[in-house]
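The values are calculated or read from the model by the stated rules, or taken from the named source; none is laboratory data. On a predicted model such as this, the values are computed, not experimentally measured, just so you know. In this analysis, Cβ positions are derived from the backbone assuming ideal geometry, glycine residues included, and neighbour counts consider all displayed protein chains. To get the accessible areas, we keep the full protein, side chains included, count just its heavy atoms, and leave off ligands, DNA and RNA. Shrake-Rupley method; radii C 1.70, N 1.55, O 1.52, S 1.80 Å.
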Amino acid sequence: AVVSTQSGHYGRGSQFIQPVTSTGHLIQFMGVLCRFSQQGVSYVKQITYFRHVVNIITKISNAQYAETLVQSLLYNVEQVFYTGCTELHISELGGELFRLFNTTPCDMNTHSLAVKKIESALKMHGSIKEGFSFSQLSLYYLSVLTCTVHNVKMQAVVCEVLIESYFTHCESSFPVLSVSWTTLHERFLISDMTYDNFINHSVQESCPLNIYLYTTHLLALSEDVDGSYSAVAMLIDCSSRIQPKPKEEQKMLLLWFKIFEIMMSLHENGIRSSAISSIIKQLPTTMLKLAEDRETGGLFTNWFGKKSKYSLEFRLTTRIFATYVLHQINKDGSLRTNSSRHNLTSEAGKAMDNIRTLVSNKAYAAHISTLQHCIGMILDSTKTFLNTIELLRFLAGTFYSDQPYLSAIMFSQRKPLS
């Protein structure tokens, strides 16, 4: 193998390695001619280079080599961005890169080789020192995604990656309070006719960030009660169907946060508490399924089932939150919005019994103080439905303060109630 010496083309401190083949030499030679890190180079030449390399990627069988080329192209876009070029040119280069997704037939599994190449590269990519710049590129890529990628499944997968990338690289540059979901929504302009399809694929491919983003779209279209009902109904439906990916399960907290944020707004606008409780009462059941320590169903699940694929912290967070929600719905179906004695359903009592057993469970020993604090909050009769987001904020801050996309929860403008 030979190592490229063109740092403006192949990499940063550690250079990308290319095989010694006629194709490898051709790619390196064309990269030198295009000089991505310098101004004044013909955009047509650079776009032609991208088109040629993408065609090579779609045909080679060496996955590692293909991923290296994708990383190289991503870095080239970044270098062009730093030269002060127009967004249009960045979009044209991104469009050529995203043609990769159109090379995979729509009837194939979304996580085909073509998707894996670019998905993994996007997750790994981005300058640590120039995080804000790459977060801006993530926004540009969102716009490109709309007009370039035809396969909606692939749109969903890449959109999820770009949203996470945007928050991650913003966080390395400035306070995450400045990061706006509205900004992301303004960039992702898919047709209203394809939104349902996009959301269904987001559920199938476990993309909670997409669903949260779509909620901003629904709420922006209609600020009345009907619009809020539509948004929360969609969120609850998606929450009941989606199976979060292991190590990404904390994204579900965003969906639950938005559900209760909308419910709070409906309550403030005079919607009857019984109407609200009828909407959310199915949610704890879904949560508790995700919180099970063992996956396999059946009578002996707790002893012989397959160990849960989700982290202990997520299972604890979910179990606590579901138990709190159950404690805010009275036996008669009404919602607890005022300080009063609990009038618990059998489901709420059972959920609390299960929570209490965790105190003596060695697996949860490191989280005993958090567990006891939350049990106290659940049993506190002065804490009501109106304190739901307060609890979720506490749990997110305790276990997931390092996840920038959860900043909507941790920096919610809703203040804790006294």
Checklist line | Accessible area in the full protein assembly, largest first, 1.4 Å probe, for H185, H150 | finding: H150, H185
Item checked: Neighbour net charge for H342 - beta-carbon separation under 12 angstrom, K R +1, D E -1 -> +3
Next item on the list: On the full set of protein chains, 1.4 Å probe, figure out the accessible area of V53 and give it in Å² to the nearest 10.
Entry: 0 Å²
Notebook entry, point to check: Do the alpha carbons of any pairs in K307/K331; K251/K350; K245/K350; K245/K307; K258/K307 sit beyond 22 Å of each other, and which pairs?
Noted result: K307/K331; K251/K350; K245/K350; K258/K307
Next item on the list: Can you send over the solvent-accessible area of F411, 1.4 Å probe, protein chains only, in Å² to the nearest 10?
Entry: 100 Å²
